[in-house]
Amino acid sequence: MNVTVILPTYNERGNIIVLLDGLSQAVTGIPGHAFSFLVVDDTSEDGTQEVVRRYARKHPDIFLLSGKKEGLGRALLRGMQYAIDTLHADLIVQMDADLSHDPASFSSFIKEIDKGADFVVGSRYIRGGSIPSNWGLHRKIFSVVGNAIVRFGLGFPLVHDWTGGYRAYMRKYYDRFHGEMKKFSGYVFQIAFLHKSIRSGARAVEVPIQFTDRLYGRSKIAPSQYIRDVLRYVVTQRIKAMMQGSFGKFCIVGTAGFLINTVVLELGVQFGLHPVLASVMGAELAIVSNFIFNNAWTFRDRKIHGKRRIIKFLQFNATSVGAIVIQAGTIWVGTAFYGISAYRIFYILGVGIGLVWNYIMYSTIIWKRQGQ
Ligand code: GDD
Ligand code: MN
(Lines give C-alpha, C1' and ligand atoms only; values in the text may rest on other atoms or scores of the structure.)
(Ligands and ions follow the chains in the order given, each with its own letter.)
Protein backbone atom coordinates (compact mmCIF):
# COMPACT_ATOMS: atom_id res chain seq x y z
CA MET A 1 0.00 0.00 0.00
CA ASN A 2 0.96 3.62 -0.45
CA VAL A 3 1.08 5.10 3.03
CA THR A 4 1.26 8.85 3.64
CA VAL A 5 2.03 10.15 7.11
CA ILE A 6 0.44 13.55 7.67
CA LEU A 7 2.20 15.81 10.16
CA PRO A 8 0.31 19.05 10.87
CA THR A 9 2.61 21.77 12.11
CA TYR A 10 2.26 25.22 13.47
CA ASN A 11 5.54 26.53 14.86
CA GLU A 12 7.19 23.13 15.35
CA ARG A 13 10.67 24.02 14.14
CA GLY A 14 12.27 22.49 17.22
CA ASN A 15 10.44 19.18 16.85
CA ILE A 16 9.77 18.36 13.23
CA ILE A 17 13.25 17.23 12.13
CA VAL A 18 13.70 14.97 15.17
CA LEU A 19 10.31 13.46 14.35
CA LEU A 20 11.07 12.98 10.64
CA ASP A 21 14.35 11.26 11.57
CA GLY A 22 12.54 9.01 14.01
CA LEU A 23 9.87 8.13 11.46
CA SER A 24 12.37 7.35 8.70
CA GLN A 25 13.97 4.88 11.08
CA ALA A 26 10.65 3.46 12.24
CA VAL A 27 9.45 2.60 8.72
CA THR A 28 12.64 0.91 7.51
CA GLY A 29 11.70 -2.29 9.31
CA ILE A 30 8.15 -2.42 7.93
CA PRO A 31 7.78 -4.61 4.85
CA GLY A 32 5.23 -4.41 2.06
CA HIS A 33 4.41 -0.70 1.98
CA ALA A 34 5.73 2.51 0.43
CA PHE A 35 5.90 5.45 2.83
CA SER A 36 5.82 9.18 2.25
CA PHE A 37 5.72 12.01 4.78
CA LEU A 38 3.66 15.13 4.36
CA VAL A 39 4.22 18.14 6.60
CA VAL A 40 1.13 20.36 6.50
CA ASP A 41 2.28 23.70 7.77
CA ASP A 42 0.11 26.75 8.30
CA THR A 43 2.62 29.51 7.59
CA SER A 44 4.50 29.07 10.86
CA GLU A 45 6.48 32.12 11.88
CA ASP A 46 9.35 30.21 13.49
CA GLY A 47 10.93 28.88 10.31
CA THR A 48 9.37 25.41 10.34
CA GLN A 49 8.96 25.50 6.57
CA GLU A 50 12.59 26.41 5.94
CA VAL A 51 13.97 23.54 8.00
CA VAL A 52 11.55 21.09 6.39
CA ARG A 53 12.39 22.32 2.88
CA ARG A 54 16.09 21.97 3.54
CA TYR A 55 15.65 18.49 4.98
CA ALA A 56 13.37 17.43 2.10
CA ARG A 57 16.12 18.17 -0.44
CA LYS A 58 17.97 15.13 0.82
CA HIS A 59 14.86 13.04 1.36
CA PRO A 60 12.65 12.55 -1.71
CA ASP A 61 9.89 10.91 0.38
CA ILE A 62 9.25 14.12 2.36
CA PHE A 63 6.73 16.71 1.13
CA LEU A 64 5.68 20.10 2.40
CA LEU A 65 2.24 21.58 1.94
CA SER A 66 1.78 25.11 3.11
CA GLY A 67 -1.48 26.95 3.68
CA LYS A 68 -3.32 29.62 5.58
CA LYS A 69 -3.90 29.21 9.33
CA GLU A 70 -7.40 27.76 9.39
CA GLY A 71 -7.20 25.36 12.31
CA LEU A 72 -6.05 21.78 12.82
CA GLY A 73 -9.10 20.16 11.23
CA ARG A 74 -8.71 22.11 8.02
CA ALA A 75 -5.00 21.36 7.90
CA LEU A 76 -5.68 17.63 8.23
CA LEU A 77 -8.30 17.76 5.50
CA ARG A 78 -5.96 19.58 3.14
CA GLY A 79 -3.26 17.08 3.95
CA MET A 80 -5.54 14.12 3.18
CA GLN A 81 -6.57 15.62 -0.12
CA TYR A 82 -2.98 16.12 -1.20
CA ALA A 83 -1.97 12.68 0.07
CA ILE A 84 -4.70 11.00 -1.95
CA ASP A 85 -4.72 13.12 -5.12
CA THR A 86 -1.01 13.74 -5.50
CA LEU A 87 0.78 11.05 -3.52
CA HIS A 88 -1.81 8.34 -4.32
CA ALA A 89 -2.14 7.27 -0.71
CA ASP A 90 -4.28 4.22 0.11
CA LEU A 91 -3.66 4.60 3.80
CA ILE A 92 -3.21 7.76 5.84
CA VAL A 93 -1.42 7.98 9.16
CA GLN A 94 -1.67 11.18 11.12
CA MET A 95 0.26 12.22 14.18
CA ASP A 96 1.11 15.30 16.22
CA ALA A 97 4.40 16.86 15.14
CA ASP A 98 5.53 17.93 18.62
CA LEU A 99 7.05 14.56 19.68
CA SER A 100 4.08 13.78 21.92
CA HIS A 101 3.48 10.80 19.64
CA ASP A 102 6.32 8.31 19.63
CA PRO A 103 7.50 6.90 16.25
CA ALA A 104 8.31 3.70 18.16
CA SER A 105 4.57 2.89 18.19
CA PHE A 106 4.25 3.49 14.45
CA SER A 107 4.63 -0.13 13.37
CA SER A 108 1.79 -1.30 15.62
CA PHE A 109 -0.65 0.81 13.58
CA ILE A 110 0.48 -0.76 10.31
CA LYS A 111 0.33 -4.24 11.83
CA GLU A 112 -3.35 -3.79 12.65
CA ILE A 113 -4.06 -2.52 9.13
CA ASP A 114 -2.27 -5.57 7.73
CA LYS A 115 -4.52 -7.73 9.89
CA GLY A 116 -7.64 -6.15 8.38
CA ALA A 117 -8.53 -3.10 10.46
CA ASP A 118 -9.48 -0.03 8.49
CA PHE A 119 -9.23 2.59 11.25
CA VAL A 120 -6.52 2.27 13.89
CA VAL A 121 -6.74 4.58 16.90
CA GLY A 122 -3.77 5.32 19.14
CA SER A 123 -5.19 5.01 22.63
CA ARG A 124 -3.97 6.39 25.93
CA TYR A 125 -6.79 4.76 27.85
CA ILE A 126 -6.28 1.06 27.22
CA ARG A 127 -3.82 -1.33 28.83
CA GLY A 128 -0.30 -0.31 27.85
CA GLY A 129 -1.30 3.26 27.00
CA SER A 130 -0.75 6.28 29.22
CA ILE A 131 -1.00 10.01 29.73
CA PRO A 132 2.00 11.89 31.17
CA SER A 133 2.51 11.16 34.85
CA ASN A 134 3.68 14.73 35.40
CA TRP A 135 0.29 16.14 34.36
CA GLY A 136 -1.47 17.82 37.25
CA LEU A 137 -4.47 16.07 38.75
CA HIS A 138 -6.99 18.47 37.20
CA ARG A 139 -5.53 17.96 33.74
CA LYS A 140 -5.68 14.20 34.11
CA ILE A 141 -9.27 14.31 35.32
CA PHE A 142 -10.15 16.71 32.53
CA SER A 143 -8.77 14.40 29.87
CA VAL A 144 -10.32 11.24 31.32
CA VAL A 145 -13.73 12.80 31.93
CA GLY A 146 -13.76 14.50 28.52
CA ASN A 147 -13.08 11.23 26.78
CA ALA A 148 -15.71 9.42 28.82
CA ILE A 149 -18.33 12.03 27.89
CA VAL A 150 -17.58 11.58 24.20
CA ARG A 151 -17.33 7.81 24.46
CA PHE A 152 -20.64 7.26 26.22
CA GLY A 153 -22.34 10.36 24.84
CA LEU A 154 -21.89 9.15 21.28
CA GLY A 155 -22.73 5.61 22.31
CA PHE A 156 -19.61 3.78 21.11
CA PRO A 157 -17.96 2.67 24.35
CA LEU A 158 -15.67 0.16 22.65
CA VAL A 159 -13.31 2.93 21.55
CA HIS A 160 -11.63 4.50 24.58
CA ASP A 161 -9.67 7.41 23.15
CA TRP A 162 -11.64 9.79 20.95
CA THR A 163 -9.69 13.01 21.11
CA GLY A 164 -6.15 12.00 20.25
CA GLY A 165 -4.42 12.56 16.95
CA TYR A 166 -2.30 9.43 16.38
CA ARG A 167 -4.23 7.31 13.91
CA ALA A 168 -4.17 5.33 10.70
CA TYR A 169 -7.15 5.04 8.36
CA MET A 170 -8.00 3.93 4.86
CA ARG A 171 -8.57 6.65 2.26
CA LYS A 172 -12.23 5.70 1.81
CA TYR A 173 -13.16 7.67 4.93
CA TYR A 174 -11.77 10.82 3.40
CA ASP A 175 -13.62 10.05 0.17
CA ARG A 176 -16.85 9.58 2.08
CA PHE A 177 -16.73 12.42 4.56
CA HIS A 178 -14.48 15.22 3.31
CA GLY A 179 -17.47 17.35 2.34
CA GLU A 180 -19.21 17.26 5.70
CA MET A 181 -15.92 17.43 7.64
CA LYS A 182 -15.20 20.96 6.37
CA LYS A 183 -17.23 22.52 9.14
CA PHE A 184 -15.07 20.96 11.88
CA SER A 185 -12.11 23.25 11.49
CA GLY A 186 -10.54 22.82 14.94
CA TYR A 187 -9.52 19.95 17.24
CA VAL A 188 -13.07 18.55 17.35
CA PHE A 189 -12.29 17.26 13.86
CA GLN A 190 -10.62 14.23 15.45
CA ILE A 191 -13.82 13.21 17.25
CA ALA A 192 -16.16 13.85 14.33
CA PHE A 193 -14.01 12.01 11.79
CA LEU A 194 -13.67 8.91 13.95
CA HIS A 195 -17.38 8.99 14.81
CA LYS A 196 -18.52 9.21 11.19
CA SER A 197 -16.13 6.46 10.16
CA ILE A 198 -17.25 4.07 12.90
CA ARG A 199 -20.90 4.79 12.20
CA SER A 200 -20.34 3.94 8.56
CA GLY A 201 -18.99 0.55 9.56
CA ALA A 202 -15.24 1.04 10.06
CA ARG A 203 -13.49 -1.83 11.79
CA ALA A 204 -11.83 0.36 14.41
CA VAL A 205 -9.01 -1.11 16.46
CA GLU A 206 -7.07 0.55 19.26
CA VAL A 207 -3.36 0.25 19.87
CA PRO A 208 -1.82 1.55 23.09
CA ILE A 209 0.25 4.73 22.93
CA GLN A 210 2.20 6.57 25.60
CA PHE A 211 1.48 10.23 25.23
CA THR A 212 4.34 12.44 26.41
CA ASP A 213 4.46 16.19 26.84
CA ARG A 214 5.76 18.12 23.85
CA LEU A 215 9.51 18.75 23.83
CA TYR A 216 9.69 22.26 22.37
CA GLY A 217 7.19 25.04 21.88
CA ARG A 218 3.67 25.55 23.14
CA SER A 219 0.32 23.78 22.69
CA LYS A 220 -1.99 25.54 20.22
CA ILE A 221 -5.23 24.28 21.66
CA ALA A 222 -7.72 26.86 22.97
CA PRO A 223 -9.36 24.96 25.85
CA SER A 224 -12.62 26.89 26.21
CA GLN A 225 -13.38 26.83 22.49
CA TYR A 226 -12.44 23.15 22.37
CA ILE A 227 -14.77 22.24 25.25
CA ARG A 228 -17.59 24.16 23.61
CA ASP A 229 -17.05 22.45 20.25
CA VAL A 230 -16.89 18.99 21.81
CA LEU A 231 -20.03 19.42 23.92
CA ARG A 232 -21.89 20.91 20.99
CA TYR A 233 -20.91 17.99 18.80
CA VAL A 234 -21.93 15.33 21.32
CA VAL A 235 -25.26 17.00 22.16
CA THR A 236 -26.29 17.60 18.54
CA GLN A 237 -25.37 14.05 17.60
CA ARG A 238 -27.44 12.71 20.51
CA ILE A 239 -30.46 14.79 19.54
CA LYS A 240 -30.14 13.73 15.90
CA ALA A 241 -29.93 10.07 16.85
CA MET A 242 -32.98 10.42 19.05
CA MET A 243 -35.03 12.17 16.40
CA GLN A 244 -34.11 9.60 13.80
CA GLY A 245 -34.87 6.77 16.18
CA SER A 246 -38.21 5.82 17.66
CA PHE A 247 -38.29 8.72 20.11
CA GLY A 248 -38.69 11.29 17.31
CA LYS A 249 -41.54 9.34 15.75
CA PHE A 250 -43.12 8.88 19.16
CA CYS A 251 -43.11 12.69 19.58
CA ILE A 252 -44.67 13.28 16.17
CA VAL A 253 -47.41 10.71 16.79
CA GLY A 254 -47.99 12.18 20.26
CA THR A 255 -48.31 15.69 18.82
CA ALA A 256 -50.93 14.46 16.35
CA GLY A 257 -52.78 12.83 19.27
CA PHE A 258 -52.64 16.06 21.24
CA LEU A 259 -54.13 17.96 18.28
CA ILE A 260 -56.93 15.41 17.89
CA ASN A 261 -57.67 15.68 21.59
CA THR A 262 -57.88 19.47 21.41
CA VAL A 263 -59.96 19.64 18.23
CA VAL A 264 -62.51 17.08 19.49
CA LEU A 265 -62.81 18.91 22.80
CA GLU A 266 -63.42 22.27 21.11
CA LEU A 267 -65.84 20.90 18.50
CA GLY A 268 -67.71 18.86 21.13
CA VAL A 269 -68.25 21.95 23.25
CA GLN A 270 -69.38 23.93 20.17
CA PHE A 271 -71.99 21.25 19.47
CA GLY A 272 -73.28 21.48 23.00
CA LEU A 273 -71.50 18.60 24.73
CA HIS A 274 -70.42 19.01 28.33
CA PRO A 275 -66.63 19.78 28.39
CA VAL A 276 -65.95 16.74 30.60
CA LEU A 277 -67.64 14.39 28.14
CA ALA A 278 -66.01 16.14 25.17
CA SER A 279 -62.57 15.85 26.75
CA VAL A 280 -63.06 12.16 27.49
CA MET A 281 -64.04 11.59 23.84
CA GLY A 282 -61.08 13.62 22.65
CA ALA A 283 -58.67 11.79 24.93
CA GLU A 284 -59.90 8.38 23.84
CA LEU A 285 -59.71 9.27 20.15
CA ALA A 286 -56.17 10.52 20.72
CA ILE A 287 -55.34 7.24 22.43
CA VAL A 288 -56.73 5.28 19.48
CA SER A 289 -54.73 7.40 17.04
CA ASN A 290 -51.57 7.05 19.13
CA PHE A 291 -51.97 3.30 19.30
CA ILE A 292 -52.56 2.88 15.57
CA PHE A 293 -49.71 5.11 14.44
CA ASN A 294 -47.19 3.98 17.03
CA ASN A 295 -47.94 0.40 16.01
CA ALA A 296 -47.73 1.10 12.29
CA TRP A 297 -44.78 3.50 12.36
CA THR A 298 -42.88 4.25 15.57
CA PHE A 299 -42.47 0.64 16.61
CA ARG A 300 -43.14 -1.05 13.31
CA ASP A 301 -40.14 -3.32 13.82
CA ARG A 302 -42.11 -4.85 16.71
CA LYS A 303 -45.60 -4.51 15.22
CA ILE A 304 -48.50 -6.16 17.06
CA HIS A 305 -50.81 -8.28 14.87
CA GLY A 306 -54.19 -10.03 15.11
CA LYS A 307 -56.11 -10.57 18.32
CA ARG A 308 -53.19 -9.52 20.52
CA ARG A 309 -53.96 -6.00 19.43
CA ILE A 310 -57.08 -5.99 21.65
CA ILE A 311 -55.18 -6.92 24.81
CA LYS A 312 -52.37 -4.55 23.95
CA PHE A 313 -54.83 -1.75 23.26
CA LEU A 314 -56.34 -2.20 26.72
CA GLN A 315 -52.85 -2.16 28.25
CA PHE A 316 -52.12 0.93 26.20
CA ASN A 317 -55.18 2.64 27.70
CA ALA A 318 -54.02 1.70 31.18
CA THR A 319 -50.58 3.23 30.64
CA SER A 320 -52.22 6.36 29.23
CA VAL A 321 -54.23 6.62 32.45
CA GLY A 322 -50.85 6.48 34.18
CA ALA A 323 -49.74 9.55 32.22
CA ILE A 324 -52.96 11.39 33.12
CA VAL A 325 -52.43 10.55 36.80
CA ILE A 326 -48.84 11.82 36.57
CA GLN A 327 -50.00 15.04 34.94
CA ALA A 328 -52.79 15.66 37.44
CA GLY A 329 -50.51 14.69 40.35
CA THR A 330 -47.80 17.11 39.22
CA ILE A 331 -50.35 19.94 39.01
CA TRP A 332 -51.76 18.96 42.40
CA VAL A 333 -48.41 18.95 44.17
CA GLY A 334 -47.19 22.09 42.36
CA THR A 335 -50.25 24.19 43.09
CA ALA A 336 -50.28 23.01 46.71
CA PHE A 337 -46.87 24.63 47.14
CA TYR A 338 -46.96 27.57 44.73
CA GLY A 339 -50.64 28.45 44.62
CA ILE A 340 -53.33 27.76 42.06
CA SER A 341 -52.09 30.38 39.59
CA ALA A 342 -48.94 28.33 38.96
CA TYR A 343 -50.93 25.51 37.36
CA ARG A 344 -49.70 26.12 33.80
CA ILE A 345 -46.05 25.61 34.70
CA PHE A 346 -46.88 22.37 36.44
CA TYR A 347 -49.12 21.30 33.57
CA ILE A 348 -46.11 21.63 31.24
CA LEU A 349 -43.87 19.82 33.72
CA GLY A 350 -46.49 17.09 34.10
CA VAL A 351 -46.82 16.68 30.33
CA GLY A 352 -43.02 16.38 30.13
CA ILE A 353 -42.82 13.71 32.81
CA GLY A 354 -45.85 11.94 31.31
CA LEU A 355 -44.09 11.92 27.94
CA VAL A 356 -41.09 10.13 29.39
CA TRP A 357 -43.41 7.74 31.25
CA ASN A 358 -45.31 6.95 28.05
CA TYR A 359 -42.15 6.39 26.03
CA ILE A 360 -40.75 4.02 28.62
CA MET A 361 -44.07 2.13 28.89
CA TYR A 362 -44.46 1.85 25.12
CA SER A 363 -40.93 0.76 24.38
CA THR A 364 -40.54 -1.67 27.28
CA ILE A 365 -44.08 -3.04 27.85
CA ILE A 366 -46.49 -2.44 24.99
CA TRP A 367 -43.96 -2.82 22.17
CA LYS A 368 -41.51 -4.96 24.07
CA ARG A 369 -38.70 -6.42 21.98
CA GLN A 370 -38.61 -10.15 21.48
CA GLY A 371 -36.59 -11.92 24.14
CA GLN A 372 -36.73 -9.03 26.60
N1 GDD B 1 -1.14 22.98 10.26
C2 GDD B 1 -1.64 23.20 11.49
N3 GDD B 1 -2.57 24.17 11.67
N4 GDD B 1 -1.21 22.45 12.52
C5 GDD B 1 -1.72 22.69 13.73
C6 GDD B 1 -2.69 23.67 13.99
C7 GDD B 1 -3.13 24.46 12.89
O8 GDD B 1 -3.98 25.34 13.01
N9 GDD B 1 -2.99 23.65 15.31
C10 GDD B 1 -2.23 22.68 15.85
N11 GDD B 1 -1.46 22.10 14.92
C12 GDD B 1 -0.50 20.99 15.07
C13 GDD B 1 0.57 21.25 16.07
O14 GDD B 1 1.68 21.89 15.50
C15 GDD B 1 0.90 19.83 16.54
O16 GDD B 1 1.77 19.18 15.66
C17 GDD B 1 -0.44 19.14 16.49
O18 GDD B 1 -1.24 19.88 15.56
C19 GDD B 1 -1.12 19.07 17.85
O20 GDD B 1 -1.24 20.38 18.37
P21 GDD B 1 -0.79 20.78 19.86
O22 GDD B 1 -0.78 22.26 19.91
O23 GDD B 1 0.45 20.07 20.26
O24 GDD B 1 -2.06 20.29 20.65
P25 GDD B 1 -2.17 19.56 22.05
O26 GDD B 1 -0.98 18.72 22.35
O27 GDD B 1 -2.59 20.56 23.06
O28 GDD B 1 -3.43 18.63 21.72
C29 GDD B 1 -3.44 17.25 21.93
O30 GDD B 1 -4.72 16.91 22.42
C31 GDD B 1 -5.77 17.13 21.51
C32 GDD B 1 -7.07 16.84 22.21
O33 GDD B 1 -6.97 15.64 22.94
C34 GDD B 1 -3.14 16.52 20.60
O35 GDD B 1 -2.91 15.15 20.90
C36 GDD B 1 -4.25 16.64 19.60
O37 GDD B 1 -4.01 15.78 18.48
C38 GDD B 1 -5.56 16.26 20.27
O39 GDD B 1 -6.65 16.45 19.36
MN1 MN C 1 0.89 18.65 21.68
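The values are calculated or read from the model by the stated rules, or taken from the named source; none is laboratory data. All values reported here derive from a predicted model rather than from experimental measurement. Don't worry about glycine lacking a Cβ; one is built from the backbone with ideal geometry, like all the others, and counts go over all protein chains shown. These area figures cover heavy atoms from the full protein model, side chains too; ligands, DNA and RNA do not enter into them. Shrake-Rupley method; radii C 1.70, N 1.55, O 1.52, S 1.80 Å.
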(request) Express the accessible area of the range 2-244 per residue in Å², computed with a 1.4 Å probe while the remaining protein chains stay in the model. (result) 47 Å²
(request) Could you pull out the longest piece of the chain with no exposed loop GluC sites (Glu not before Pro) in it, calling a site exposed if DSSP puts it outside H, G, I, E, B and it has at most 15 other Cβ atoms within 10 Å? (result) 71-372
(message) Show me the three semi-axes of the equivalent ellipsoid for the chain, from the C-alpha gyration tensor (sqrt of 5 times each eigenvalue), largest first, rounded to whole Å.
(response) 57, 22, 18
(message) Loop only by DSSP, 15 or fewer other Cβ within 10 Å of the Cβ. Give me the trypsin sites (Lys or Arg not before Pro) in the range 315-372 that pass, ordered by residue number.
(response) Lys368, Arg369
(request) Calculate what fraction, in whole %, of the accessible area of the chain sits on carbon and sulfur atoms when a 1.4 Å probe is rolled over the protein chains. (result) 63 percent
(request) Give the long-range amide H neighbours of Ser36: residues separated by 5 or more places, or on another chain, with amide H under 5 Å away, using H modelled in the peptide plane at 1.01 Å from N. (result) Val3, Thr4, Val5
(message) Could you tell me how far the Cα centroid of the range 11-85 sits from the Cα centroid of the range 221-264, in Å?
(response) 41 Å
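Over the Cα atoms of the range 254-372, Rg to Rh with Kirkwood Rh, two decimal places?
Ratio value, two decimals: 1.03.
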(message) Can you tell me which of Met242, Met281, Met95 moves the most in a GNM of the chain? Springs connect C-alpha atoms under 10 Å apart.
(response) Met281
(message) Restricting to Cα pairs below 8 Å that are 6+ residues apart, what does the relative contact order work out to for the range 2-244? Please round to a whole percent.
(response) 25 percent
(message) For the range 246-364, what does the accessible surface come to per residue with a 1.4 Å probe? Please give it in Å².
(response) 63 Å²
(request) Enumerate the calculated ³J(HN,Hα) couplings along the range 62-76 in order (Karplus 6.51 cos²θ - 1.76 cosθ + 1.60, θ = phi - 60°), each rounded to whole Hz, writing x wherever the residue is Gly or Pro. (result) 10, 10, 10, 10, 10, x, 6, 6, 10, x, 5, x, 5, 4, 4
(request) Would you check the accessible area of Val235, probe 1.4 Å, heavy atoms only, in square angstrom rounded to 10? (result) 80 Å²
(request) Answer with one residue from Gln237, Gly257, Leu285: the one whose Cα lies farthest towards the positive end of the charge dipole of the range 220-290, charges on Cβ with Lys, Arg +1 and Asp, Glu -1. (result) Gln237
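Taking a 29 Å limit on the Cα-Cα distance, which of the listed pairs Lys240/Lys303; Lys182/Lys220; Lys220/Lys240; Lys58/Lys196; Lys111/Lys172; Lys240/Lys307 fall beyond it?
Details: Lys240/Lys303 24 Å; Lys182/Lys220 20 Å; Lys220/Lys240 31 Å; Lys58/Lys196 38 Å; Lys111/Lys172 19 Å; Lys240/Lys307 36 Å.
Where the Cα-Cα span goes over 29 Å, the pairs concerned are Lys220/Lys240; Lys58/Lys196; Lys240/Lys307.
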(message) Which of rounded, prolate or oblate describes the range 97-169 when judged by the alpha-carbon gyration tensor and an a/c cut-off of 1.5?
(response) oblate
(request) Provide the gained length on full extension for the span Leu231 to Gln25, in nm with one decimal, where the gain is 0.36 nm per separating residue minus the Cα-Cα distance. (result) 70.2 nm
(request) Loop only per DSSP, at most 15 neighbouring Cβ atoms within 10 Å: give me the trypsin sites (Lys or Arg not before Pro) in the range 143-192, ordered by residue number. (result) Lys182, Lys183
(request) Determine which aspartates and glutamates satisfy two conditions relative to Lys68: a Cα distance under 17 Å, and not lying fewer than 8 residues away in the same chain. (result) Glu12, Asp41, Asp42, Glu45, Asp46, Glu50
(message) At 7 Å along Cα-to-Cβ for each site, give me the label-to-label distance between Val276 and Lys111 in nm.
(response) 7.8 nm
